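Shown next, in structure tokens, is the structure this report addresses.
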Amino acid sequence: MFDELVSQSVELPSGELRLMQPAYAAELPDDGAVEWAPLAPYWAVLWRSGVALARELEGLELRGLRVVELGCGLALPSLAAARAGALVLATDSCPEALELLAHNARANGVRVETAVVDWAEPEELVSRGPFDLVLAADVLYERGSVAPLLSLLPRLAPEAWIADPGRPAADAFLEQARTRWPLDTRVHGVVQLHRLELG
């Protein structure tokens with residue numbers, strides 16, 4: 001499946017989650033300027049936004065709720081939600097991310113469904129809804145993703161939590177989102193967690 005994997009451990013209040021991650025991505029720091037982006041595929045990096053979003057889910061009563069994560073990458077929020085009892089569908093445009101997620105879910109004793117999804121063609125995902133909550137961590141790298149995400153979110157669930165470390169496209173997303181829905185922002189270090197009430 002992958003040339004070389006390394007194990008990462010993330011401590012959450014409810015206990016440790018262990019992830020296997022491509023070795024080439026584990027060497028890349030996620031503590032530089034927000035404009036920094038790795039040469040490795042984005043999905044393979046354990047982003048601080050994903051860690052912050054997983055921590056925000058801690059202590060919530062998610063049992064039985066239908067949760068979908070967009071652009072999941074290593075999918076730490078999906079694993080945390082599944083451990084809290086949610087019925088989770090993790091999506092990414094990269095099949096390799098989902099293959100590794102299936103392994104990581106089994107290793108952590110949780111069940112997570114997966115689906116390859118392109119936001120420009122989301123009909124199959126929308127047909128699997130409605131969900132109770134949408135999660136997304138560090139998905140606003142490019143301005144071109146703003147319009148598809150704004151269009152997709154209200155078609156999926158009444159609420160979305162978007163974690164972002166201040167990437168340039170996030171400003172455009174938030175500017176438009178504030179004109180459409182109530183939005184609450186919490187700050188966790190360099191990560192902002194935006195909660196959107198979509199309907």
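The values are calculated or read from the model by the stated rules, or taken from the named source; none is laboratory data. No experiment lies behind these values; they were computed from the predicted model shown. All Cβ positions, even for glycine, are placed from backbone atoms using ideal geometry, and neighbour counts span all protein chains on display. For the accessible areas, the whole protein counts, side chains as well, though only heavy atoms, and no ligand, DNA or RNA atoms are used. Shrake-Rupley method; radii C 1.70, N 1.55, O 1.52, S 1.80 Å.
Accessible area per residue, 1.4 Å probe, Å², for the chain: what's the number?
Ligands and nucleic acids excluded, the result is 46 Å² per residue.
Arrange the residues ARG180, ARG167, ARG195, ARG186 by how much accessible surface each exposes, largest first, with a 1.4 angstrom probe.
If we order ARG180, ARG167, ARG195, ARG186 from most to least accessible, we get ARG180, ARG186, ARG195, ARG167.
Using the Cα centre as the reference, give the magnitude of the dipole from point charges on the C-beta atoms of the chain (Lys, Arg: +1; Asp, Glu: -1; all else neutral), rounded to the nearest 20 debye.
With only Lys, Arg, Asp and Glu charged at Cβ, the dipole is about 560 debye.
Where does the charge balance sit around VAL139 when Lys and Arg score +1, Asp and Glu -1, over other residues with C-beta under 11 Å from its C-beta?
-4
Heavy atoms only, 1.4 Å probe, whole protein assembly: order TYR42, TYR141 by accessible area, highest first.
Highest to lowest solvent-accessible surface, that is TYR42, TYR141.
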